[in-house]
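Peer 1: Submitted below is the structure of interest, expressed as structure tokens.
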Amino acid sequence: MKASKTVKMLLGLAAVVLLMVSAGCAPHMARPDQLTAPEPVVGNTGKYMSPYTSDEVLAEWVDNAIKARAAGKIGGAIGAYAGTKALEQVPLIGGILGEKVGNKIGKEIAIKCAGGMDFICNSSDLSFNSLDDMAVYLYVKHSSHEHYQDALKASFGIYPQLEQRYYVALANASKGIR
């Protein structure tokens, strides 16, 4: 009975979202040339390392991550599965914890595949203190780069929160621009 109510609630929410999108209420996304890129931290002293260097080429850690992407996905899936199985006896909370365990393992594998956190820092000469700044900077400065999607995927592996914040950051930066 509870599952039925949850399904109905989710279907209702999906209907509202679809209505908003069809009515033109979806967040507006400005073109890269309409936005101003935030200034990165020069050097690797920021909290988040840029996948591009100041020379506008991919950082070495991104090349490593691209080559090892399949291993990171497999590791993340194994971690998520193992965490979910171990915690599935606990309703709701177990599923959430299982996902967190899987994400943590996936991130650790992505970092290892990229060469380790020390290598990531040492091969980066630009960094950011905010994921939103990093998202907008990457979009404005590099979205036309041929390897942009690879750079994003590598960054999402190292910083899973960036994937969650990416479109929100771009929508926020686009406010007031038509």
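Peer 1: Identify, from the list TYR81, TYR52, the residue that is within 22 Å of ILE158 (Cα to Cα), modelled with pLDDT under 95 and of a type in the set (Phe, Trp, Tyr).
Peer 2: Details: TYR52 fails: modelled with pLDDT under 95.
Being within 22 Å of ILE158 (Cα to Cα), modelled with pLDDT under 95 and of a type in the set (Phe, Trp, Tyr) holds for just one of TYR81, TYR52, which is TYR81.
Peer 1: While we're looking at this one, here's another question. For region 107-148, which positions are touching a residue at least 60 places away in the same chain (Cβ under 8 Å), closer than 18 Å to LYS67 by Cβ and of a type in the set (Val, Ile, Thr)?
Peer 2: The one that is touching a residue at least 60 places away in the same chain (Cβ under 8 Å), closer than 18 Å to LYS67 by Cβ and of a type in the set (Val, Ile, Thr): ILE120.
The values are calculated or read from the model by the stated rules, or taken from the named source; none is laboratory data. Keep in mind that this is a model prediction, so the values were computed, not measured. Methodologically, a virtual Cβ is constructed for each residue, glycine included, from the backbone with ideal geometry; neighbour enumeration extends over all protein chains shown.
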